[in-house]
Amino acid sequence: MARTVEDVAPNDRSTHYPAGHIKVREALISLLKVKDFNSITWAEIAQTAGVNEALIYKYFRSKRGLLHTVLHEYLEDFLEGLDYSLKGIKGSLNKLRKIAWYQIDLYNREHVFSKILLIEVRNNKAYFQSKTYDSVRRFSRRILDIIDEGIQNGEIRDDIPPKHIRQIFLGAIEHVCLPSVIYDRDLAPDAATESVCNILFDGLRKNAD
């Protein structure tokens, strides 16, 4: 299972970072739970982390760079957990169903993280040159590979461009989850997954000749 946002900073990949580096990231995560990102100041981060501002500048070039470091670490945990969850699952549509549930469950559990990922960072050009975007692209590539696999084995129809299938799949998940993320409402992952997959998969399955 992917770690929650509270566990982002002290994950396994963080063990080689200096203590100050980790404290700063933990401080930002803590502040994001109660404040909008744009209203958080370096001084607040430093005070929450128990370090001076000079130390923050030593590790991070900008506040947004710090944000992308946090998001990247979290997404890497998500991808690691997803890859593990997909082991042993046969069939492309079954794999896509698992991905849908895993992503919906993430959005349902982590409203703060999800708001940042779905709304905040995409409005800034720096996102598309960030490590966060690299992780998102890896996730998108994983989905495209599964779709291609389904087309090759005759499970998914071959008259729709795979990239369009991916966009529709991801778009459906986001639109189902976005109201809950914005208004901080609970969403039932099982029911939401069934709704998305039942609608989409009927149109994706290749009919037997």
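Readers should treat all values here as calculations from the given coordinates under stated rules, not as data from a laboratory. Bear in mind that the values here come from a model prediction, so they are computed numbers and not experimental data. Cβ placement follows ideal geometry from the backbone for every residue including glycine, while neighbour counts extend to all protein chains displayed.
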On Cα atoms only, tilt of 92-109 relative to the major axis of the chain in degrees: 30
Karplus (6.51, -1.76, 1.60) ³J(HN,Hα), θ = phi - 60°, over the range 64-80, in Hz, Gly and Pro reported as x: 5, x, 4, 4, 5, 5, 5, 5, 4, 4, 5, 5, 5, 5, 4, 5, 4
Charge sum, other residues only, whose C-beta stays under 12 Å from Ile119's C-beta, Lys/Arg counted +1 and Asp/Glu -1: -1
Restraint check, Lys33/Lys163; Lys35/Lys95; Lys125/Lys163, Cα-Cα greater than 32 Å: Lys33/Lys163; Lys35/Lys95
In the range 128-208, trypsin sites (Lys or Arg not before Pro) in a DSSP loop with at most 12 other beta-carbon atoms within 10 Å: Arg185
Chain lengthening between Asn38 and Ser62 when straightened (0.36 nm per residue, less Cα-Cα): 7.4 nm
Formal net charge of residues neighbouring Ile40 (Cβ-Cβ distance under 12 Å; K, R +1; D, E -1): +1
Compactness index (Cα Rg / 2.2 N^0.38 Å), the chain: 1.13
Under-5 Å amide H pairs with Ile156, H placed in peptide plane, nonlocal only: Ile151, Lys206
Gained length - Val112 relative to Asp158, 0.36 nm times residue gap less alpha-carbon distance: 12.8 nm
Under 13 Å, Cβ to Cβ, from Asp186 - net charge with Lys/Arg +1 and Asp/Glu -1: -2
Loop-located trypsin sites (Lys or Arg not before Pro) in the range 65-111 whose Cβ has at most 12 other Cβ within 10 Å (DSSP): Lys87, Lys90
